[in-house]
Structures are given as C-alpha cells and as structure tokens.
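Some notes on the structure that comes next.
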There are 2 protein chains.
Amino acid sequence: MLTERQRLILNAIVDDYIRSAEPVGSRSISKRGDVGFSPATIRNEMADLEELGFLEQPHTSAGRIPSHKGYRYYVDHLEPIYEALPTELRSLRTYFAEKLNATEQVIQHAAMILSHITNYTSILLGPEVFHTSLRHFQLLSLNETTAVAIIVTSTGQVESKTVAIPAGVSVSDMEKVVNLLNSKLVNVPLYKLKSSLYRELGQEMQRHLTHFEEIMGILDNIFVDTETDQRVYLSGATNMLNQPEFKDVDKVKDILDLLEETPTLTKMMAATQGSAGIQVRIGTENDHEAFANCSLITATYSLDGEALGTIGILGPTRMEYARVMSLLGILSNDLTKMLSKLYK
Amino acid sequence: MLTERQRLILNAIVDDYIRSAEPVGSRSISKRGDVGFSPATIRNEMADLEELGFLEQPHTSAGRIPSHKGYRYYVDHLEPIYEALPTELRSLRTYFAEKLNATEQVIQHAAMILSHITNYTSILLGPEVFHTSLRHFQLLSLNETTAVAIIVTSTGQVESKTVAIPAGVSVSDMEKVVNLLNSKLVNVPLYKLKSSLYRELGQEMQRHLTHFEEIMGILDNIFVDTETDQRVYLSGATNMLNQPEFKDVDKVKDILDLLEETPTLTKMMAATQGSAGIQVRIGTENDHEAFANCSLITATYSLDGEALGTIGILGPTRMEYARVMSLLGILSNDLTKMLSKLYK
DNA sequence: CGTTAGCACTCGACTAAGATGAGTGCTAAC
DNA sequence: GTTAGCACTCATCTTAGTCGAGTGCTAACG
C-alpha cells in the first residue's frame, strides 16, 4: 500500500524522531544518506504520507512527527535487526550468575534490570493463577482466636492470610479440615479451589464436622483472593520523568497515578496475555486516556509450554521499539529456559 | 527568646505560607486580624525575625517565607489545636469496620487512607524484627532439588524463601533439622535467630547429621534476610506532584527516585524509631539532599508497650503540620488499641 | 514525467523593552 | 513605641520585533 520510497522515508522519520523527540524536517532526512533524494522530493512524499494518516504536523512551519498509525506501520514492518550490545547482554544476564532460586525473585530482579538498561518503566505480572495449583495447605494458630492460613503453590509461591477463629470451633475440627484439604485438593488449580471445595468436600465435611457453616466461612475468606490475585511489580516508574514529552508535571501525573493503581495495571497486562510472542500496544490502543502518549511492549514467559506471566516495558510512544523488543525477546527466552531448569 | 509579638507574627506567616505557598507580605499579615498592628510595625519585626534566621526572603521585593528554623520553631510551639473533621475521622476509621485481621493488612490499609485524606505521601515501616519472634518453621519440598522454607512470626507474618537442596542431603536429615528448630528456637527473636542457631544447635546438629556443612549453608541462606528485612510500603507517592513547589519535573524526580529505593527508605524511617510519640523532621534534618524541601512526620504503633513499626507522612516543608500530626496521633492510638485486641 | 532548485510564506521560539504592582526599608511625624 | 508616607527594588506580564527552520508551490531540468 505504500511505495518503497514512502516506506523508506517513514522509517527515517520515525527513527529520527525516536532519537531526537523533535519534529523531523525534509532537509535532515535528505542529509541522513539512506534516502538519496532532495528535500523537495521528500517534502512531496511527506505531504502524501500525512494525507494517508501516517504523519502529523504540530503546526504549519514545523517538521513532521509520526502518528499512531505511523508507529504501528513502523513496528509491523520492523525487521529485527537490533543487535543487543555486549554490555546490555551482560547486565541482562547477571542475575543468572546469582544464586536465586525462587521464580518470583528471579523475575522481579530481571524486570528491575530491564528498567535500568532501557530507561523505561517495567511492569511485571507474576505467575498466573490459571497455571498454578495447590501444593500444600496449612493452618497455624497464633492464639485462641487467630490463626494464619498458608497456601503454597506448585511454583513455590507462598500466600498467607490471617483469619479469626470463631469461638466454639475446636482445634481438632480445624485439623480435620486441613487434612481433608491436603488429601483431596492438592494439584487442583488455584482458580478452581473454591468450587472444588464445595463440590468435592461439601458433603463429607458436613457429615464429620460440628460447626460446618463457620468453617466454610473461614475457608471462603482464605480462598477468596486466590481466584484473582496476581501480583504486579513496578520498576523504574520515575524513568517516565526523564522523557522530554513528559517534562510537564500535569501530563506525567496521570500516568504515574495509573501506575499506582494495581487493579488497573493487572487488567492492562492481562489483556495482552492472549497471544504469545512480543506484543506492542501503541498509544490509544491501551484503552487508557492517560496512556495515550505511551506504548507498552510485552512478552510472556512460560513454563512447560504454558504462559505463566508477562513482562512489559512502558515508555513514550516515541520509544526505541527495535531495542526494547529485542531485549524482551532475549529475556523471555532466558527466563523460560531457566524456569524449566528449576522446575523440571 | 522571641517576644510574644514576634511569635505571633512568625505563626501567622507560617500559617499563611502553608496555605498559599507564596511569600507572605506585611500587609496581608496585618489584614488577617489576629495581629493588630500596622504593616510598618510588622515589617520591622519581620526584618528582626529574618536576622534571627526564622525567615527568608526570596528576593528584595518579595514577602517572607519561613526558613527551616522558622518551621522548627513553629512546630515546637504548636499547640495541638487541630480538630479532626468528622469526615476525616470517619474515613480514617472505616477500616475498623471491615473484617481485617492481619496486622500487615490493617496497617497498610490505614496508610493508604491516610495518604488519601492528607494528599501527602505515606510511608509505612512494617513490624520490626526486633520485636517479633519465631512462631513456626517449616520446609516443604517442591521437587527433588528445590524446597520452600516458610517462617511464621509471632505477629502472624509469613516469610518464605525458595532454596536449592544439594544432592546427597536426605529428606530425613532435613526433617530432623526442622524438628530441632521448632523445638529449640520458637520464641527466639528473629534478629537473634542466626546466632542462636550456631550457639544452641551447632553441636547437637553436628552429632546427628551427615551433611552438616551443606545444611548449615541452606539455613544461613534462609535466615539471612530475617535480620534486616523490614517491609516498607508506599502510598500516594504521586501526591508529591500536586504540590506547587514541585511543579518542576527535575525537582520531583530526585524525590520519587529516592522513594523507589527501598533500603534508603527503611533506613530513613528506622532513624526516627528511637523515641516514641510523634516526630517531625524538617528539610535537611532528613539527611537526604533530595528531601531538603520535604518534611517527614512519623508516629510509631506498638503492641504490648513495645514499638512495632512506624507510619510516616512525607510532604513539602510547607505542610499542614497541625493537621497531619493530629491525624497521625489519632491513627497510632487506634492502631495500637486494635493490635492489642487482636493479639491479646 | 519524475525530480529538483528557487522562493515566498508561515509560525513557533527567542529577545528586548516597557509597564505593572506587590512588597520592602527608611524617615519623619504622631 | 507605633505608624503614615514615599522612594526604591525586582519578579512577572505584555508587547513588539527578529530569527530561522520548515513548508508548499511553481517553474525549470534531464
């Protein structure tokens, strides 16, 4: 749909704009060398590209900047030519040298490093409940009325919750319940835990226990989070402030506010989780007004062929797509390899 | 050291400046009503106050703003006259209505609400290791080479760590160790855990176990964090961006960067933990250049008479001291009461 | 016919000069 | 001791003018 020359010029404009954050003029494109035409010719093509919606003009006498559509085209036709620098690779892989052996720690650490070397914000969605199952359940009383419930998942995550034990419920009753859960519900996926509880154990428990209602109430309370709880970690949120387009506090405020809102983040990250590989969402494709000038690049990491979680890099729409995509690719590969080594 | 009139004028200036964030002139003080003197008289006093170091002048023809010394005087002589508004009290206490029964959750929630109603940033230092002890220790194997160690503290906090089990170490060996720990080290304060491990169990373990060295290595690895690990929670960090003094991105960047650095935060909060009651650190008293224009107000909450943790509110030096101090006072009281009800 | 040189035009960014006014310090009078 | 009066300072705002990067159009060129 675009001629070869148009493609070349669009590419050059996006490249330049990514580097400089300033509108790009026809003369500077001509001088780059890789487009061997005079400014006048380039101007003509630029006018066409603007009419087609790939470019925008902040005002009449300024250069052009890519529109969202322009970025989209650029990304879709990007050849993955970026070669990660040795220093980047080295820092990206330092965490393999350290003795980390918890999924969460490894991934968290990786995301931190990623935000450092890219100078963007990294968002990380922890292992997904859909793919983790119950490994062990335990109840530990702290005093007469309070106890801690501990849930260990198949990936080694530990969730805990303090619960109140109603008067009248005996220790032996609770022990029975815990044993029952451990014998019947181990290896059940977390998101099915609550339903399995009723279906498989309801009758049996009602037979053996005196305070059935109260105990079910407690268990409900313990498992209520397991259905939705996905941990989100942020790293380098303040890197947003480095971008010249956000030098105005009001613009960046909305973004940082949104980043503080865990549920929104979870939702946004989860939305990309459908398809594997590296995903790019540009500007308004993120469905959040605050992110209208941001792009989010995500990659999933997996264990056993199944997507476990997502790592995302958030930056301005004018972000270094090639570099970030390449780095994310390397990382998600390494992570997947490492996880399978840990848990196979 | 200051005359009554000087005190009155200083108070008025600080009050006005807190409200308006603009240098305060002599005329506006005179018009307030509570200082019944003409602008000229007030100007004379202001000149004296400036010479004494309580006030500063941004430039010759501007009004005065309080210096750090001025704020300090203001805070030290502040009569706690602020009456919390009914709406403030109500939202501050909503979390008591909800059924929360984990220390951490309650406090975290409280800090969140506090940052909302004050429009400042709240920082929260979780229960201190100095005052929590081991309640239960457990090791749960995930597969042949990996296991999860779970530590439950006397306040119901759960810490977990995934560890690698070296080949050759048998399950029964590990079981022996776990039993030994649970029988000998329960109720030992967390920060003494590592030393007690060597002193009390070293010999006995060496006698009974085959792979003593390896096992001690694992335990070391598990307990290494317990000596220092204090969780820090942040809420409303972006509220900093609302303050007119931080409308310049460069100024606020350093602050937000520092807030992202957990260890620094921990240290800063821990520094205030010495004395009980409400503490105020103004400007450079915080020992961090980035916080030179910020004040930190902290309160400790306690269980059983011993300080457990700290809640802090961070704002510009020009912050509403009276209001925040009063709210923090109410909250730390309520929290202390609630905790003792939960764990007694 | 595609490409390019030339040129008038646009418009934001920067600069300088002047006006405004809030606020001060000083002096003299009450 | 207090206050009115007044000259002075200086950041902020406004206006006008200049500059220059970049455009769109036209005409010439191979």
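Give the lysines reachable from A:Lys31 as a straight Cα distance under 30 Å; neighbours fewer than 8 places away on the same chain don't count.
A:Lys69, A:Lys247
Extension gain B:Arg32-B:His59, at 0.36 nm per residue separation less the Cα-Cα distance, in nm?
Length gained between B:Arg32 and B:His59: 7.4 nm.
If you build the convex hull over the alpha carbons only and average its shadow over all orientations, what do you get for chain A? Give it in nm² to one decimal.
Hull-based average projected area comes out at 21.7 nm².
Counting only other residues whose beta carbon sits under 10 Å from that of A:Leu124, what net charge do I get with K and R as +1, D and E as -1?
0
For the range A:1-105, state which trypsin sites (Lys or Arg not before Pro) are in a DSSP loop and have at most 13 other beta carbons lying within 10 Å of their beta carbon.
Listed in order of number, the matching sites are A:Lys99.
Using the crude model of +1 on Lys and Arg Cβ and -1 on Asp and Glu Cβ, and no other charge, please compute the dipole size for chain A relative to its Cα centre, in debye to 20. Working shown, then result.
On the way: 32 positive and 43 negative charges, 183 e Å.
Around 880 debye, computed over chain A.
For n ≥ 4 DSSP H runs only, could you compute -39500 (n - 2.57) per run for chain A, divide by its residues and tell me the 222 nm figure to the nearest 500?
-15000 deg cm²/dmol
Taking every residue in B:152-163, how many Cβ atoms of other protein chains lie within 10 Å of its Cβ, on average? Intermediate results must be reported in sequence, preceding the final value.
On the way: counts 6, 2, 2, 3, 10, 3, 10, 2, 9, 5, 12, 4.
Mean partner shielding for this stretch: 6.
Using the beta-carbon distance between A:Glu306 and B:Val186 and R0 = 35 Å, what value does 1/(1 + (r/R0)^6) give for FRET efficiency, to the nearest 0.05?
0.30
For A:Ser275 and B:Ala40, FRET efficiency with R0 = 60 Å and r from the beta-carbon atoms, rounded to 0.05?
Once rounded, the FRET efficiency stands at 0.20.
If you add up the charges near B:Leu328, with Lys and Arg at +1 and Asp and Glu at -1, over every other residue whose beta carbon is less than 13 angstrom from its beta carbon, what do you get?
Taking every Cβ under 13 Å from that of B:Leu328, the sum is -2.
Considering the dipole of the range B:133-223 built from charges on the beta carbon (Lys and Arg +1, Asp and Glu -1) around the Cα centre, which of B:Thr153, B:Val178, B:His208 is farthest to its positive end?
Farthest along the dipole direction, towards plus: B:Thr153.
Only four residue types carry charge here, +1 at the Cβ of Lys and Arg and -1 at the Cβ of Asp and Glu. Report the dipole size of the range A:4-76 about the Cα centre in Debye, rounded to the nearest 20.
Using only the charged Cβ atoms, the result is roughly 160 debye.
Using a/c under 1.5 as the rounded threshold, could you call the range B:218-311 rounded, prolate or oblate? The axes a ≥ b ≥ c are square roots of the C-alpha gyration tensor eigenvalues, and prolate needs a/b larger than b/c, oblate otherwise.
Oblate shape, in that a/c is at least 1.5 and b/c is the bigger or equal ratio.
Any idea of the accessible area per residue across chain B, 1.4 Å probe, to the nearest Å²?
About 45 Å² of surface per residue is accessible.
Give the average over all directions of the projected area of the C-alpha convex hull of the protein assembly as shown, one decimal, in nm². Working shown, then result.
Details: hull surface 152.7 nm².
In nm², the orientation-averaged hull projection of the protein assembly as shown is 38.2.
List the distances, in nm to one decimal, from the label point of A:Glu285 to the label points of the same position in every other copy, shortest first, placing each label point 7 Å from Cα along the Cα-to-Cβ direction.
Spacings between copies for this position, smallest first, are 5.2 nm.
With a/c under 1.5 counting as rounded, go ahead and sort the range B:133-223 into rounded, prolate or oblate using the C-alpha gyration tensor (a ≥ b ≥ c being the square roots of the eigenvalues; past the cut-off, prolate if a/b is larger than b/c, else oblate).
Note, shape of the range B:133-223 comes out oblate.
Interface B/A, total buried accessible area with a 1.4 Å probe, nearest 100 Å²?
Summed over both sides, the interface buries about 3200 Å².
Starting from the Cα of A:Ala167, step 7 Å along the direction of its Cβ; do the same at B:Ser195; then give the gap between the two resulting points in nm.
4.3
If you take the square roots of the eigenvalues of the alpha-carbon gyration tensor of the range A:4-76 and sort them as a ≥ b ≥ c, do you get rounded (a/c under 1.5), prolate (a/b over b/c) or oblate?
Here the range A:4-76 falls in the rounded category.
Comparing the chain by itself with all protein chains present, which residues of the range A:234-255 are at least 50 Å² less accessible (probe 1.4 Å)?
With the partner chains in place, the range A:234-255 has these residues losing at least 50 Å²: A:Thr238, A:Leu241, A:Val249, A:Lys253.
To the nearest 20 debye, what charge dipole does the protein assembly as shown have about its Cα centre, counting +1 at the Cβ of each Lys and Arg and -1 at the Cβ of each Asp and Glu?
Working: 64 positive and 86 negative charges, 39 e Å.
The calculation lands at about 180 debye.
For a quick check: with amide H placed at 1.01 Å from N, whose amide H comes under 5 Å from B:His136's, ignoring anything fewer than 5 positions away on the same chain?
Residues meeting the amide H criterion: B:Val152.
With r as the distance between the Cβ atoms of A:Ile330 and B:Glu285 and R0 = 45 Å, compute the FRET efficiency 1/(1 + (r/R0)^6) and round to 0.05.
Between B:Glu285 and A:Ile330 the formula returns 0.45.
Which percent of the accessible area of chain A is formed by carbon and sulfur heavy atoms (probe 1.4 angstrom)?
50
Report, in order of residue number, the helices in chain A meeting two criteria: a C-alpha extent of 30 Å or more along the helix axis, and a mean Kyte-Doolittle hydropathy of at least -1.0; treat each whole DSSP H run as one helix.
A:321-343
Quick check: net charge around B:Met46, other residues with Cβ under 12 Å of its Cβ, Lys/Arg +1 and Asp/Glu -1?
On the way: positive: B:Arg5, B:Arg27, B:Arg43, B:Arg64; negative: B:Glu45, B:Asp48, B:Glu50, B:Glu51, B:Glu56.
Cβ neighbours under 12 Å give a net charge of -1.
Sort A:203-213, A:183-193, A:324-334 by packing, meaning the average of other beta carbons within 10 Å per residue, with the highest value first.
Details: A:203-213: 13.1, A:183-193: 15.9, A:324-334: 19.6.
Highest to lowest by the protection proxy: A:324-334, A:183-193, A:203-213.
Using label points projected 7 Å from each Cα along Cα→Cβ, tell me how many nm separate A:Phe212 and A:Ala47, to one decimal.
Taking the two extended label points, one gets 8.2 nm.
The values are calculated or read from the model by the stated rules, or taken from the named source; none is laboratory data. The shown structure was predicted, so the numbers you read here are calculated from the model rather than taken from an experiment. Neighbour counts run over all protein chains shown; Cβ positions are idealised from the backbone, glycine included. Ligands, DNA and RNA are excluded from the accessible area calculation, which covers all protein heavy atoms including side chains. Shrake-Rupley method; radii C 1.70, N 1.55, O 1.52, S 1.80 Å.
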